[in-house]
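Encoded as structure tokens, the structure appears first; notes follow it.
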Ligand SMILES: *[C@@H]1O[C@H](CO)[C@@H](O)[C@H](O)[C@H]1NC(C)=O
């Protein structure tokens, strides 16, 4: 009698532990909506209310959760002719009807997101910068770039019924008037992102430097005066006055702008105000790093792949949040674990022993069901390729705990070759879900793996092309290093 009582208690104890040992972060949705069903399917039940992060109530026991891996040797995700095909899809979305405007996606009915047939200030600036980056000569992209510069000038002549034209997110194609419906406003990342693209173009085509300076001056004056003002995040959902994405990209705009002001504008006073604001912003970025080295987007949106996109877009090769920094690694590792648990497609891959992880926007995303995004999956691959390139030329990881974390993510030792293989594992996994040639939708369904939401999203193509370019740099560095 006594014996069986003890056995029963310890069994119950063991059962409770298997569930209570799972941290909130590690909860993987077992997808049963009632406590009875959940338990009878061998899962754990723990109500969470309120539940702002959409933590599952019914979740797998620790032993039933699989760890994702990025192990793999290099395996080219897209051949060079496929890259050209992607570039065609990309360029079809630029300079719509000769307006210079970039359509977010040529899709009038994306499902929950509605019509994407508009020009977003952010997407346009990022896409035109990507076009410039992948071009082998200025002549190849000059017409589209010139039209875009015309459009940027034209946009500031618009009267904005919604507020300040500098922070208007979205415009009608092709007439260029601001979208007049309700939207998340203001969005403060546009001026800095546009300035970066304008300066990059002026660098390649000095004849437009004077025109670029007039625009850059206005945009960076806005950043200096207003970088701490409240606004929406790049996903147009939450408000803050301190997003990592905004600040890290603004810092780059200001530092480049400081040089541009001195050289092109012959304006010492702006040159110094831009650089001093950049330094102030730089010190504020430290507040985004938690004690593990993980970088969060904002206090109200902690785990967000916008930070990885920021590492890529805001990088200046000057060491701050460089690809092998503790912060870049810990953020990449943290987000990989998050999405490994959060998306069934990633758990399926882990169970099958397939390398590669698809990345979404942020923890608890529920837009269109909350899915992996192509553009962010490409962004994660880009970071790994940049890590590979840095390591190939002799860079190393100074922080030993970060090195350890990265090595367990790779499932092998950290080397340039293995980092390249990890980036490939991500892109090859993403590629496996393309079912309409190389056309890419905004999202990949978290459960079924079907392409979903906006068709032919321009930012996808920009990021896949940038990833493949970063891969080229990494593999060239590897070849050069090996042949030495
Ligand atoms: C800062 O933002 C305010 C509000 O949108 C605007 O009125 C002001 O002109 C901006 N400052 C600069 C220098 O652009």
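All of the numbers you see were taken from the coordinates with simple rules; none came from a lab. This is a predicted model, so every value here is computed, not measured. Every residue, glycine as well, gets a Cβ built from its backbone with ideal geometry; the counts of neighbours run over all protein chains shown.
State the extension gain, in nm to one decimal, for the chain segment bounded by residue 393 and residue 272, taking 0.36 nm per residue of separation less the distance between their alpha-carbons.
Between residue 393 and residue 272, full extension yields an extra 40.2 nm.
With the cut-off at 1.5 for a/c, could you classify the stretch 108-162 from its C-alpha gyration tensor as rounded, prolate or oblate?
oblate
First measure r as the distance between the Cβ atoms of residue 211 and residue 415, then evaluate 1/(1 + (r/R0)^6) with R0 = 56 Å and state the FRET efficiency to the nearest 0.05.
Here the calculated transfer efficiency is 0.75.
Could you check the spin-label model distance between residue 154 and residue 239? Points 7 Å from the Cα along Cα→Cβ, value in nm.
3.2
Take the alpha carbon atoms of the stretch 307-330, find their center, do the same for the stretch 235-270, and report the distance between the two centers in whole angstrom.
Centre-to-centre distance over Cα atoms comes out at 17 Å.
Modelling each spin label as a point 7 Å along the Cα-to-Cβ direction, I'd like the residue 203/residue 67 distance in nm, to one decimal.
Each label point is offset 7 Å from its Cα along the Cβ direction, giving 4.0 nm.
Quick one: the Cα spread of the stretch 356-433 along its three principal axes, in angstroms, biggest first?
43, 25, 18
What percent of all Cα-Cα pairs in the stretch 21-89 falls into each 10 Å bin, going from 0 up to the bin containing the maximum distance?
18, 31, 14, 16, 19, 1
Could you tell me how many degrees, from 0 to 90 and to the nearest 10, lie between the Cα long axis of helix 416-431 and the main elongation axis, the longest principal axis, of the Cα atoms of the chain?
90
Return the whole-Å distance between the Cα centroid of the stretch 161-179 and the Cα centroid of the stretch 74-144.
20
Rank the residues 45, 373, 213 as a footprinting-exposure proxy: fewest other Cβ atoms within 10 Å of their Cβ go first.
Ranked by crowding around the Cβ, least crowded first: 45, 213, 373.
Quickly work out the residue 84-to-residue 432 label distance, labels modelled 7 Å from Cα along the C-beta direction, and quote it in nm with one decimal.
With each label point 7 Å from Cα toward Cβ, the separation is 2.9 nm.
Averaged over all directions, how much area does the convex hull of the C-alpha atoms of the stretch 393-484 cover when projected, in nm²?
Taking the Cα atoms of the stretch 393-484, their convex hull projects to 7.7 nm² on average.
At q = 0.18 Å⁻¹, what log₁₀ I(q)/I(0) does a Debye calculation on the Cα points of the stretch 70-200 give, no solvent, two decimals?
Each listed q maps to, in turn, -1.00.
Give the shape of the stretch 333-389 as rounded, prolate or oblate, defined through the alpha-carbon gyration tensor: a ≥ b ≥ c are the square roots of its eigenvalues, a/c under 1.5 means rounded, and otherwise the shape is prolate if a/b is larger than b/c and oblate if not.
In terms of gyration-tensor shape, oblate.
Between 0 and 90 degrees, rounded to the nearest ten: what's the tilt of helix 80-91 against the longest Cα principal axis of the chain?
Rounded to the nearest ten degrees, it is 70.
Using a 10 Å cut-off around each Cβ, can you sort 102, 333 from fewest to most neighbouring Cβ atoms?
By the 10 Å Cβ count, ascending: 333, 102.
How high is the FRET efficiency between residue 143 and residue 221 when r is their beta carbon distance and R₀ equals 41 Å, given to the nearest 0.05?
It comes out at approximately 0.90.
Please give the length that would be gained between residue 400 and residue 366 if that part of the chain were fully extended, namely 0.36 nm times their separation in residues minus their C-alpha to C-alpha distance (nm, one decimal).
Roughly 8.7 nm would be gained on extension.
Provide the FRET efficiency to the nearest 0.05 for the residue 172-residue 351 pair, computing r from the beta carbons and using R0 = 60 Å.
0.80
If eta is 1.002 mPa s and T is 20 °C, what Stokes-Einstein diffusion coefficient results for the chain, Kirkwood Rh from Cα pairs, in µm²/s?
In µm²/s, the coefficient rounds to 91.
Work out, step by step, the length gained on full extension between residue 447 and residue 290: first 0.36 nm times the residue separation, then minus their alpha carbon distance; give nm to one decimal.
53.4 nm
Mind ranking 352-361, 418-427 by how tightly packed they are, going by the mean number of other C-beta atoms within 10 angstrom, highest first?
418-427, 352-361
Could you list log10 I(q)/I(0) for the stretch 177-280 at q = 0.14, 0.18, 0.20, 0.21 Å⁻¹, which the Debye formula gives when each Cα is one point scatterer?
The computed values of log10 I(q)/I(0) come out as -0.53, -0.82, -0.95, -1.02.
Nearest 10 degrees is fine. How inclined is helix 268-285 to the longest principal axis of the chain, computing both from alpha carbons?
0
Where does the chain land at 222 nm, in deg cm²/dmol rounded to the nearest 500, when only DSSP H runs of n ≥ 4 count, each adding -39500 (n - 2.57), divided by all residues?
Counting only the DSSP helices, I get -16500 deg cm²/dmol.
If each residue's Cβ is checked for other Cβ atoms within 10 Å, how do 397, 134 rank with the fewest at the top?
Taking fewest neighbouring Cβ atoms as first place, the list is 134, 397.
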